[in-house]
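A.B. asks: Here it is, the structure in full.
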Amino acid sequence: MTPESARPHLDIFEPVVAALRDRRPVVALESTIITHGMPYPQNAAMAARVEEIVREEGAVPATIAVIEGRLKIGLSDGEREALAKEAGALKLSRADLAYAIAERRTGGTTVAATMIAAALSGIEVFATGGIGGVHKGAETSFDVSADLDELARTPVIVVSAGAKAILDIEKTLEVLETKGVPVVGYGTDVMPAFWSSRSRFRAPLRLDSPQAIARFQSARRDLGIGGGMLIANPVAADVEIPEAEMAGFIATAQADAAAKGVSGKEVTPYLLGRILELTAGRSLVTNIALVENNARLAARIAAALT
Ligand code: PSU
Ligand code: MN
């Protein structure tokens, strides 16, 4: 599966090697959410709990990150803890994943970079919080996440709570449609908005079971349609922050980012951190709950694929 030339840079954790060899379900997990998405120690607790949930569902978790130049597919508890505390971690996407390897650096992998690593190691399903997408104001900033291109080209099922609500969800859906990426509402006709279970937009497609998602993905493969798909799994209603309530916090965070001149890859981490302050920690509780919810569904999809 792994191209020979990539192998010297990859360390696949033993339980993941065994599961892939025996064709048991494996779920990839990203690490930018650990290094840039949440503060310590909540990030460490979230990362440990998410792995546990995947195991409870009978799958093997593979948290993906770059540690001192090694592309790690699956981390030990010690490596995961150390990454959660690492202050100098890079945020790695398609553009800089290989840079971190060549320069022997440490970094969290975004949705895009985690998809690349998952596909290299033969993992078909991946759980995250929310993908990157088209930022509000992208018509002047041109800030469109590399996650969207990766979904178009790399054959991994990405389980998310939709696009982060700090984004322009309507434009993000348009770009995904243009690129031929299926966006599937899980058990819903309405696109979720990360912290909110509902947005103003319809989910382009709907499926109601992990088995149905697995069938859809294998039909795509049979037809030679490459690329990934995005599953939009709404956060549970009892922990959501409704969209109308979030809108005010997001607008304030956005205005603060503009006033401070935050740009490039710092935009998403800055907005998430500012929203955490503005909601007095409530957004973090929701963020953790939705990642856990996505990990559970991803494990069930992985099982359905085997
Ligand atoms: N989901 C979260 N928290 C995060 C992210 C997603 O709950 O921090 C990360 C993902 O790694 C995603 C990245 O790929 O933010 C998008 O960054 P950008 O908008 O700069 O492409
Ligand atoms: Mn960006």
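The values are calculated or read from the model by the stated rules, or taken from the named source; none is laboratory data. All figures in this text were calculated on a predicted structure; none of them were measured in a lab. FYI the Cβ positions are ideal-geometry reconstructions off the backbone, even for glycines, and counts take in every protein chain you see.
A.B. asks: Could you say which residue among GLY37, GLY78, GLY69, GLY74 is within 16 Å of ligand 2 (Cβ to nearest atom) and either closer than 21 Å to VAL159 by Cβ or surrounded by fewer than 24 Cβ atoms within 10 Å (Cβ to Cβ) (or both)?
C.D. replies: Working: GLY78 fails: within 16 Å of ligand 2 (Cβ to nearest atom); GLY69 fails: within 16 Å of ligand 2 (Cβ to nearest atom); GLY74 fails: within 16 Å of ligand 2 (Cβ to nearest atom).
That would be GLY37, the only listed residue that is within 16 Å of ligand 2 (Cβ to nearest atom) and either closer than 21 Å to VAL159 by Cβ or surrounded by fewer than 24 Cβ atoms within 10 Å (Cβ to Cβ) (or both).
Yes/no matrix, rows are residues, columns are (1) over 17 Å from LYS164 (Cα atoms); (2) away from ligand 2 (no atom under 16 Å from the Cβ); (3) free of Cβ contacts under 8 Å to residues at least 12 places away in the same chain:
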site: LEU205; (1), (2), (3): yes, yes, no
site: PRO210; (1), (2), (3): yes, yes, no
site: GLY228; (1), (2), (3): yes, yes, no
site: VAL235; (1), (2), (3): no, yes, no
site: ALA280; (1), (2), (3): yes, yes, yes
site: LEU290; (1), (2), (3): no, yes, no
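A.B. asks: Still on this model: I'd like to verify a number: residues in region 238-273 that are in a loop (DSSP other than H, G, I, E, B) and away from ligand 1 (no atom under 13 Å from the Cβ), how many? Can you show your working first?
C.D. replies: Initial filter on region 238-273 (in a loop (DSSP other than H, G, I, E, B)): 238-242, 261-263.
Narrowing further to those that are away from ligand 1 (no atom under 13 Å from the Cβ): 238-242, 261.
The total comes to 6.
A.B. asks: Next question. How many of the residues making up region 105-138 are closer than 21 Å to GLU174 by Cβ, at pLDDT 95 or above and away from ligand 1 (no atom under 12 Å from the Cβ)?
C.D. replies: Number satisfying all stated conditions: 0.
A.B. asks: Out of the residues in region 257-292 that are within 15 Å of the chain's Cα centre (by Cα) and within 16 Å of GLU245 (Cα to Cα), which is surrounded by the most Cβ atoms within 10 Å (Cβ to Cβ)?
C.D. replies: The initial filter retains those residues of region 257-292 that are within 15 Å of the chain's Cα centre (by Cα), namely 268-269, 272, 287-292.
Remaining after also requiring within 16 Å of GLU245 (Cα to Cα): 272, 287.
On the way: LEU272: 22, ASN287: 27.
Filtering region 257-292 for residues that are within 15 Å of the chain's Cα centre (by Cα) and within 16 Å of GLU245 (Cα to Cα), the one surrounded by the most Cβ atoms within 10 Å (Cβ to Cβ) comes out as ASN287.
A.B. asks: Against the condition in a helix (DSSP H, G or I), of a type in the set (A, V, I, L, M, F, W, C) and touching a strand residue (DSSP E or B) at 6+ places or on another chain (Cβ under 6 Å), how does ALA113 come out, does it pass?
C.D. replies: Details: in a helix (DSSP H, G or I): yes; of a type in the set (A, V, I, L, M, F, W, C): yes; touching a strand residue (DSSP E or B) at 6+ places or on another chain (Cβ under 6 Å): yes.
The answer is yes for ALA113.
A.B. asks: Restricting attention to region 244-272, which residues are within 15 Å of ligand 2 (Cβ to nearest atom) and basic (Lys, Arg)?
C.D. replies: Hit for region 244-272 is LYS265, nothing else.
A.B. asks: When you look at ALA232, is it within 21 Å of THR172 (Cα to Cα), of a type outside the set (Val, Ile, Thr) and crowded, with 19+ Cβ neighbours inside 10 Å, yes or no? Break it down into steps so the answer makes sense when it comes.
C.D. replies: Details: within 21 Å of THR172 (Cα to Cα): yes; of a type outside the set (Val, Ile, Thr): yes; crowded, with 19+ Cβ neighbours inside 10 Å: yes.
Against the criterion (within 21 Å of THR172 (Cα to Cα), of a type outside the set (Val, Ile, Thr) and crowded, with 19+ Cβ neighbours inside 10 Å), ALA232 qualifies.
A.B. asks: Then there is this: Only strands (runs of 3 or more DSSP E) wholly contained in region 13-83 count here; list those with 2 or more residues that are over 15 Å from the mean Cα position of the chain (by Cα).
C.D. replies: Values: elements: 26-29, 60-67, 70-73.
Hits in region 13-83: 60-67, 70-73.
A.B. asks: Here are ALA102, ALA87, ALA95: which of them is within 16 Å of ligand 2 (Cβ to nearest atom), out of contact with any helix residue (DSSP H, G or I) (no Cβ under 6 Å at 6 or more places or on another chain) and either at pLDDT 95 or above or of a type in the set (A, V, I, L, M) (or both)?
C.D. replies: Exactly one residue qualifies, and that residue is ALA95.
A.B. asks: A further question on this structure: If a residue has to be more than 10 Å from ligand 1 (Cβ to nearest atom), outside any helix (DSSP H, G or I) and within 25 Å of ILE301 (Cβ to Cβ) to count, how many in region 139-182 make the cut? Explain how you work it out, then say what you get.
C.D. replies: Residues of region 139-182 that are more than 10 Å from ligand 1 (Cβ to nearest atom), as a first pass: 139-142, 149, 151-157, 159, 162, 165, 168-182.
Keeping just the survivors that are outside any helix (DSSP H, G or I) gives 142, 154-157, 159, 162, 165, 168, 179-182.
From the residues that got through so far, the ones that are within 25 Å of ILE301 (Cβ to Cβ) too are 154-157, 159, 162, 165, 179-182.
Here the count works out to 11.
A.B. asks: Taking VAL235 as the residue in question, decide whether it is outside any helix (DSSP H, G or I), modelled with pLDDT of 95 or more and at negative phi.
C.D. replies: Values: outside any helix (DSSP H, G or I): yes; modelled with pLDDT of 95 or more: yes; at negative phi: yes.
So VAL235 passes the test.
A.B. asks: Please find, within region 276-293, the residue that is nearest to THR128 (Cα to Cα) out of those that are within 11 Å of ligand 1 (Cβ to nearest atom) and of a type in the set (Val, Ile, Thr).
C.D. replies: Step by step, filter region 276-293, then rank; the result is VAL291.
A.B. asks: Now a separate question. Looking for something within 16 Å of ligand 1 (Cβ to nearest atom), outside any strand (DSSP E or B) and surrounded by fewer than 21 Cβ atoms within 10 Å (Cβ to Cβ) - is there at least one such residue anywhere in region 186-205?
C.D. replies: no
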